[in-house]
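Notes follow the structure.
FYI, it's all coordinate maths here, none of it is from the lab. The model shown is predicted, which means the values in this text are computed figures rather than measured ones. With ideal geometry, Cβ positions are generated from the backbone for all residues, glycine too; neighbour counts draw on all protein chains shown.
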Amino acid sequence: MSKRYSIVQQSKCVSCGTCLHFCPRNAITIIHGTHAQINKDLCIGCGLCKKECPADAIYFQEREAK
C-alpha cells in the first residue's frame, strides 16, 4: 500500500466524474451530485485522478504510520 492517498477538496470539485473514469480501484464516488469522495482504504495513491482532474480539486495526504 502506498504511503499516500488522494483527497478531494470539496469546495473546488465540480462533480464532473472525470476522476471516476481514471481510478483503477473504483475508490471514488460522487456524493449527492455535489462532489467526489475517495475511499482512502481503496486508494493506492497512484495519482491518476489528481492528474486528470480538470478542477485541480484533488491532492495527496500522507497515511499515518501504523
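See the values below:
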read-out	value
Helical contribution to [θ] at 222 nm, DSSP H n ≥ 4, -39,500 (n - 2.57), averaged over the chain, rounded to 500	-3000 deg cm²/dmol
Cys residues of the chain counted as unpaired, since no other Cys beta-carbon is under 4.7 Å	C13, C16, C23, C43, C46, C53
Net length gained if the chain between K51 and K3 were fully extended (0.36 nm per residue, minus Cα distance)	15.5 nm
Dipole of the chain [Lys/Arg +1, Asp/Glu -1 at C-beta], most positive-end residue of G33, Q10, I44	I44
Extension reserve of the K12-Y59 stretch, reckoned as 0.36 nm per residue once the Cα distance is removed	15.8 nm
Cβ-placed point charges (K, R +1; D, E -1), dipole of the chain about Cα centre in debye, nearest 20	180
Descending semi-axes in Å of the chain, equivalent ellipsoid built from Cα gyration tensor	19, 11, 11
